[in-house]
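Comments concern the structure below.
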Amino acid sequence: MKNIVILISGRGSNMEAIVRAGLPARVAAVISNRADAEGLKFAAQSGLPVEVVDEREFSSRGAFDAALEAAIERHSPDLVALAGFMRILGGDFVRHYSGRVVNIHPSLLPAFPGLHTHRRALQEGVKLHGCTVHFVTPQVDHGPIIAQAAISVRAVDTEATLAARVLQQEHRVYPLAIRWFVEGRLAVENGIVRVDAPGARQALLVEE
């Protein structure tokens, strides 16, 4: 059975969705860069090993990345899943886990990388918005796309309502993408992810 290490910085709702999904894999640890991350409580109550690598204790990105890598390696990871991990990881770290680290971003990449995605989507007047699961590369919020889930943007949407509706899709599509990984159903060819799974097209979910 493959081992998954999940990295969080806050409430960890995507981490909860992964844990509750009943995947054919073992969540080997939940690690946070913040000691006050709310998600650590759920992880501990679920009997999962938890660790904190506090970013404030390190004077450089390299030192933090090295400590984080050491913590991850203690759990023999097959996959590292970023679940609201609000820290940019260095190139050496990302290359070490190349093909084994995934992230979920609250937009339909390549649109709206970075922060404040829902606000920017509303400002630009897009008609579809959503989330993207992708392999992580040294370029932030880029990398081969595994799955996306889309919703229609409503005239009455605010930043808060749009964020809540996208989050519902995140909780659905992220565990599905991880399932494909642990079942060996993903292949990357020339930067494009191919999915060999029944119903894979249903990962693009358009909510009216």
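For region 94-111, the set of residues classified as small (Gly, Ala, Ser) and either farther than 19 Å from Glu183 by Cβ or not in a loop (DSSP other than H, G, I, E, B) (or both) consists of Ser98, Ser107, Ala111, listed by residue number. Assessment of region 106-117 against the conditions (in contact (Cβ under 8 Å) with a residue 24 or more places away in the chain, touching a strand residue (DSSP E or B) at 6+ places or on another chain (Cβ under 6 Å), surrounded by fewer than 19 Cβ atoms within 10 Å (Cβ to Cβ) and under 28 Å from Phe64 (Cα atoms)) yields no matching residue. Condition (residue is under 18 Å from the mean Cα position of the chain (by Cα), farther than 20 Å from Ile178 by Cα and not assigned by TED's automatic domain parsing to the domain that holds Gln169) applied to region 12-32: is it met by at least one residue? No, there is no match, as no residue in region 12-32 is under 18 Å from the mean Cα position of the chain (by Cα), farther than 20 Å from Ile178 by Cα and not assigned by TED's automatic domain parsing to the domain that holds Gln169. Against the test of being out of contact with any Cys (no Cβ under 9 Å at 6 or more places or on another chain) and free of Cβ contacts under 8 Å to residues at least 12 places away in the same chain, the options Ala164, Ala177 yield a single qualifying residue, Ala164. Scanning region 135-162 for residues that are surrounded by 21 or more Cβ atoms within 10 Å (Cβ to Cβ) and touching a Pro at 6+ places or on another chain (Cβ under 6 Å) gives a single hit, Phe135.
The values are calculated or read from the model by the stated rules, or taken from the named source; none is laboratory data. What you see is a predicted model, and the numbers here were worked out from it, not measured in a lab. In this analysis, Cβ positions are derived from the backbone assuming ideal geometry, glycine residues included, and neighbour counts consider all displayed protein chains.
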